[in-house]
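For reference, the structure is listed below as structure tokens.
The values are calculated or read from the model by the stated rules, or taken from the named source; none is laboratory data. Every value quoted in this text rests on a predicted model; they were computed, and no experiment measured them. All Cβ positions, glycine included, derive from the backbone under ideal geometry; neighbour counts span all protein chains shown.
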């Protein structure tokens, strides 16, 4: 079983789109967990199989409420809804206050997510924008892979580098291990500066990996807003996404890093 968390340091670089894309291309059964403490938007973006709106009352809020009394993997799976394309989705919170009120429930949620492997499912988490000490830190710390999504401009690079440096400390587990941590750059490869951006971010530490690049492909991304897209498998986003999903699946299957 693998848990892969997508997050951002600032702004909206495309972490949600990247999470949904990787989940759609994942080589095994997967559940998408919308765990943005500021309020998720997966339910608003992704329709159900027949175009209906997903039930925002189901999902993370009842799970965090139940977690005060303990939480099982099956309870988490029961809150998942089928979305367009067949992906199972656990809808997120609607207000930041809900995350703050449930601050003590995140460890139980993380343990339930880790237990989904016994039910045959991996987990892709949209963790939203992450501060140095996020309220959902237990979920990030227990992940197999943590992916910081950024644009290839100077501002994004600087914020990402700072956040990665801080996370190297906060993600350390009691056993001294760290999740596999890396960057995913979103931007037009023709600009020629994406490799430089990734190199600058990797300067935050030798344990930061390069998980690849996704193009700015508005047409390809519209499929995750419920729009009909002719031959989505031929879009630039999906073509690049296959390599990213393969790299992350390989990283998730590898060993965790030992902190310095």
For the structure I just gave you, tell me whether residue 52 is assigned to a loop (DSSP other than H, G, I, E, B) and without any contact (Cβ under 8 Å) to a residue 12 or more places away in the chain.
yes
Looking only at segment 164-188, filter to residues that are part of a helix (DSSP H, G or I) and touching a helix residue (DSSP H, G or I) at 6+ places or on another chain (Cβ under 9 Å); which one of those is nearest to residue 18 (Cα to Cα)?
164
Scan of segment 9-39 for residues that are touching a strand residue (DSSP E or B) at 6+ places or on another chain (Cβ under 6 Å) and closer than 17 Å to residue 163 by Cα, ordered by number
13, 14, 15, 36
The one condition residue 66 fails out of (1) in a helix (DSSP H, G or I); (2) touching a residue at least 24 places away in the same chain (Cβ under 8 Å); (3) over 15 Å from the mean Cα position of the chain (by Cα) is (2)
Restricting attention to segment 32-49, does a residue exist that is closer than 18 Å to residue 119 by Cβ, touching a helix residue (DSSP H, G or I) at 6+ places or on another chain (Cβ under 7 Å) and modelled with pLDDT of 85 or more?
yes
Among helices (runs of 4 or more DSSP H) entirely inside segment 78-149, those with 2 or more residues being surrounded by 22 or more Cβ atoms within 10 Å (Cβ to Cβ) are 106-114, 137-141
What do you reckon, is residue 37 more than 16 Å from the chain's Cα centre (by Cα) and either surrounded by fewer than 17 Cβ atoms within 10 Å (Cβ to Cβ) or closer than 25 Å to residue 149 by Cα (or both)?
no
Sole residue being closer than 19 Å to residue 153 by Cβ, at pLDDT 70 or above and surrounded by fewer than 17 Cβ atoms within 10 Å (Cβ to Cβ), chosen from 195, 210:
210
If you scan segment 174-188, which residues turn out to be over 19 Å from the mean Cα position of the chain (by Cα) and touching a residue at least 60 places away in the same chain (Cβ under 8 Å)?
176, 177
Go through segment 19-30 and report how many residues are within 23 Å of residue 106 (Cα to Cα) and surrounded by 24 or more Cβ atoms within 10 Å (Cβ to Cβ).
3
If you check residue 88 against the conditions, is it touching a strand residue (DSSP E or B) at 6+ places or on another chain (Cβ under 8 Å) and at pLDDT 90 or above?
yes
Is segment 240-254 home to any residue that is in a strand (DSSP E or B) and either surrounded by fewer than 15 Cβ atoms within 10 Å (Cβ to Cβ) or at pLDDT 90 or above (or both)?
no
Members of segment 220-232 found to be touching a helix residue (DSSP H, G or I) at 6+ places or on another chain (Cβ under 8 Å), farther than 12 Å from residue 18 by Cα and assigned to a helix (DSSP H, G or I), listed by number:
223, 225, 232
